[in-house]
1. Please work out which residue is surrounded by the most Cβ atoms within 10 Å (Cβ to Cβ), limiting yourself to region 51-66 and to residues that are without any contact (Cβ under 8 Å) to a residue 24 or more places away in the chain and closer than 18 Å to residue 94 by Cα.
2. Report those helices (runs of 4 or more DSSP H) wholly inside region 1-90 carrying at least 1 residues which are more than 21 Å from residue 105 (Cβ to Cβ) and within 22 Å of the chain's Cα centre (by Cα).
3. With 141, 168 as the choices, which residue is crowded, with 18+ Cβ neighbours inside 10 Å and either assigned by TED's automatic domain parsing to the domain that holds residue 109 or part of a helix (DSSP H, G or I) (or both)?
4. Collect the residues in region 188-243 that are charged (D, E, K, R) and more than 29 Å from residue 110 (Cα to Cα), keeping them in residue-number order.
5. Please pick out the residue among 66, 51, 33, 2 that is of a type in the set (Lys, Arg) and in contact with a helix residue (DSSP H, G or I) (Cβ under 8 Å, 6 or more places away or on another chain).
6. Which residue out of 198, 207 is among the aliphatic types (A, V, I, L, M) and more than 22 Å from the chain's Cα centre (by Cα)?
7. Select from region 210-226 the residues that are more than 24 Å from the chain's Cα centre (by Cα) and part of a loop (DSSP other than H, G, I, E, B) and list them in ascending order.
8. Among the numbered conditions (1) modelled with pLDDT under 95; (2) within 30 Å of residue 229 (Cα to Cα), tell me where residue 94 comes up short.
Amino acid sequence: MKIIFFGSTTDSILVLEKLSLPDIVAVVTQPPKPVGRAQILTPSPVEIWAKNHNIPAFSFTTQEKKPWLYADEQAVLDALRPLKADLLVSASYGQKIPSDTVSEARFGGLNVHPSLLPRWRGADPVPWAILSGNHQTGVTIVTLSPTFDAGRIIAQEKIPVTDKDSTIPLLEKIFTIGADLLITSLPDYISGKNKGVAQKIKNEPYARRLTRDDGFEPWENLTHPNEATRIDRKFRALHPWPGLWTRLPLLRSGVSGQATFRGKRLKILGFTTSPTIVQLEGKKPISWEQFKAAYLAS
C-alpha cells in the first residue's frame with residue numbers, strides 16, 4: 001500500500017504515527033512560514049517529522065487571495081503522479097487536493113475531519129463548536145471530494161464538549177480518536193465493503209476560517225455578569241489564536257494614562273468570570289487587578 005499523506009500541524013502527526021511507516025511514500029505539507037519576531041522561516045511539524053523518518057516532503061505555493069487553492073495545480077499533479085499512490089490520507093491540511101490526484105490513487109482519498117459532518121464543514125470546526133456552546137462534537141472519516149468536506153462518510157465517533165474544553169486540547173483529543181478510527185475503518189474501506197454514506201447537507205452551520213477580528217470583544221462586555229458565560233466560551237475557543245482582545249475606552253479626563261493609552265489594543269490572556277491576565281500592546285502581561293490599578297484608577 002502506497003500512501004501519500006497531506007497535513008501540516010502537530011495534530012496531523014497524531015494520524016501519521018498510526019499509519020504503517022513503510023506505506024508512507026511521501027508527505028505533502030505547507031511551505032515553511034516566518035515565525036517569531038525574527039520571522040525565521042520554519043518548516044511545518046509534518047515536514048520535520050518526514051525528514052526525521054527519511055520520507056520525501058513536498059510543499060507547493062498557494063494563491064495569495066485564496067490560500068486554500070494551489071497557485072499551480074499542474075505542478076502538484078506532475079510532482080505526485082510518479083509516486084503512483086494507492087491511497088491519499090489527509091488530516092489538518094488546509095489546501096484543496098486536486099481532483100485528478102485523488103482519482104488517480106487506486107483507492108482515492110480519506111480525510112480525518114474534526115467534526116460530526118455535515119455539521120461544521122470548513123476550516124475551523126472545533127473553535128466554532130465551542131463558540132456556539134455545542135455539548136457534542138466528534139470526528140469523521142470522509143472521502144476526499146471536489147468540494148471541501150462534502151464526501152461520503154466512512155465512519156464517525158461522537159465526543160462530548162465540556163464547559164472546560166478549549167480548542168487545542170480538544171483538537172488533540174479528536175485527532176487521537178480519529179487516528180484510531182481511521183485505522184479500524186481502512187480494511188472495510190479498502191475491500192469495498194464500506195462505501196460510505198452520502199451526506200445530507202441542509203442548513204448546517206459552516207466553520208469558516210477565523211480571522212483576528214473574530215477575537216474582538218467590546219470593552220463594556222468584559223466585566224458584565226450577563227456576558228461572562230459567553231465570553232468564557234469565546235476565550236476558550238479562540239485561545240491562543242486569534243485570541244480574545246478589546247480596545248481601551250475613551251477614559252475620563254484625569255484618569256492615569258488616559259491620553260497615552262485610550263483606544264489601545266488589550267489582549268485577554270486569562271478569563272474566568274472576568275479577565276484575570278491581560279496584556280496592553282507594547283507592554284508585558286499583568287494581572288487584571290494590576291491593570292485596573294495602573295490604568296483605570298481615578
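1. Taking region 51-66 and keeping what is without any contact (Cβ under 8 Å) to a residue 24 or more places away in the chain, we get 51-52, 54, 63-66.
Cutting the leftovers down to closer than 18 Å to residue 94 by Cα gives us 63-66.
Numbers: 63: 12, 64: 7, 65: 6, 66: 10.
Restricting to residues being without any contact (Cβ under 8 Å) to a residue 24 or more places away in the chain and closer than 18 Å to residue 94 by Cα, the top hit is 63.
2. Counting at least 1 such residues, we get 10-16, 45-52.
3. 141
4. Of region 188-243, the ones charged (D, E, K, R) are 188, 193, 195, 200, 202, 204, 208-209, 212-214, 217, 220, 227, 230, 232-234, 236.
Answer for region 188-243, where residues must be charged (D, E, K, R) and more than 29 Å from residue 110 (Cα to Cα): 212, 213, 214, 217, 220, 227, 230, 232, 233, 234, 236.
5. On the way: 66 fails: in contact with a helix residue (DSSP H, G or I) (Cβ under 8 Å, 6 or more places away or on another chain); 51 fails: in contact with a helix residue (DSSP H, G or I) (Cβ under 8 Å, 6 or more places away or on another chain); 33 fails: in contact with a helix residue (DSSP H, G or I) (Cβ under 8 Å, 6 or more places away or on another chain).
On inspection, the qualifying residue turns out to be 2.
6. Matching residue, one of 198, 207: 198.
7. Within region 210-226, the first condition is being more than 24 Å from the chain's Cα centre (by Cα), and the residues that meet it are 218-226.
Once the filter is applied, which keeps residues that are more than 24 Å from the chain's Cα centre (by Cα) and part of a loop (DSSP other than H, G, I, E, B), region 210-226 yields 218, 222, 223, 224.
8. Evaluating residue 94 over (1) modelled with pLDDT under 95; (2) within 30 Å of residue 229 (Cα to Cα) leaves (2) as the failure.
The values are calculated or read from the model by the stated rules, or taken from the named source; none is laboratory data. It should be emphasised that the depicted structure is a prediction, and the values quoted were computed from it without experimental measurement. Please note: Cβ atoms are built from the backbone with ideal geometry, for glycine as well, and neighbour counts cover all protein chains shown.
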